[in-house]
Amino acid sequence: MTSLRVLLTNDDGYLADGLRLLATEIAEWAEVWVVTPDRERSGSGRSITLYQPLRLTRLDPSPAPGHWHLANGTPADCVNLALHYLLPEQPPDLVVSGINHGLNLGDDVNYSGTVQAACEAHHFAVPAVALSQELGGRSMAESAQLCSKLLRAVMERGCPRRLLLSVNVPAGPLLGIRLTRLGRRVYRDVVVAKTDPRGVAYYWLGGKPQWEDDPGTDQEAVLSGYASVTPLRTASTDVESLPELEAMVADAWSPLLR
Ligand code: MN
């Protein structure tokens, strides 16, 4: 038994192949804990549950190696339950979210439960990596092997406390790994309006993603056949706007407060 402890979560729910296969791989080199939503929670971002009780269910026997727990909450709820309730004495050395079934590129990281679960762990000073696999090519088993090797290499080199990475793996043959920044995604036809069988209108958020053509970004790397590794940060004060806003405060707002 190794001394490394890894917490796994995801936003696709506990039945997802990406989670199960990754747990199997990581259990080869670390003690695995899994706290994961009891259902599909993709697109839940970093939301947390405040107005209903959370339930934790131990899965025994578990679907793969490790200590498995389900929660009736979001991925961010799962991270909180794990860090502050299940593992407060010995926090994990790494939190891994995924492997998500589908890419999480560019601006989509803000909606992604997978990526935001990693951000939640980062907020509590635990190194975190989000993993996403493009659908339609590579098997999840192969992706799990690849991602596990990457994570193991990170841990063996000494993982910085503030590590927060989003990794996306393309569906086709892998040409290599690129360090990237987030791309810019533009959706067209974002709201699809239809009528249900009872004649009542309903709406579906979606549309085809379109990307700004931008070298050095995650989507450019993945479209070119490379895995993208994007370091993220969560602090979001727009420092560059402060001088301009100070002028506005002086000119427009200050008189209002006199
Ligand atoms: Mn998902």
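For this structure, a couple of remarks:
- Backbone geometry of the range 206-218 corresponds, through the Karplus equation with coefficients 6.51, -1.76 and 1.60 at θ = phi - 60°, to 3J(HN,Hα) couplings of x, x, 7, x, 10, 10, 5, 6, 8, x, x, 8, 5 Hz, x marking Gly and Pro.
- Eigenvalues of the alpha-carbon gyration tensor of the chain, scaled by 5 and square-rooted, set the equivalent ellipsoid semi-axes at 31, 24, 23 angstrom, largest first.
- Computed Kirkwood radius, in angstrom, where 1/r is averaged over Cα pairs of the range 1-128: 14.1 Å
- Here the gap between R185 and R39, fully extended at 0.36 nm per residue and compared with their Cα-Cα distance, gives a gain of 49.8 nm.
- Kirkwood Rh, Cα atoms: Rg over Rh of the range 59-178: 0.96
- Ratio Rg/Rh [Cα only; Rh per Kirkwood] for the range 1-69: 0.99
- Cβ-derived FRET efficiency at R0 30 Å, S3 paired with W204, nearest 0.05: 0.05
- Once the mean of 1/r is taken over each pair of separate Cα atoms and inverted, the range 140-258 shows a Kirkwood hydrodynamic radius of 18.9 Å.
- Amide H partners (placed H, <5 Å) of S44, local residues excluded: G113
- Prolate/oblate/rounded label for the range 194-244 (Cα gyration tensor, a/c 1.5): oblate
- Added length on full extension, which subtracts the Cα-Cα distance from 0.36 nm per residue, T195 to A153: 10.0 nm
- Inter-label distance for L175 and E89, nm, one decimal - labels placed 7 Å from Cα along Cα-to-Cβ: 5.1 nm
Rule-based calculations on the coordinates, nothing more; no lab input. Computed from a predicted model, the values in this text were never measured in an experiment. Cβ coordinates were reconstructed from backbone atoms using ideal geometry, including for glycine residues, and neighbour counts include every protein chain displayed.
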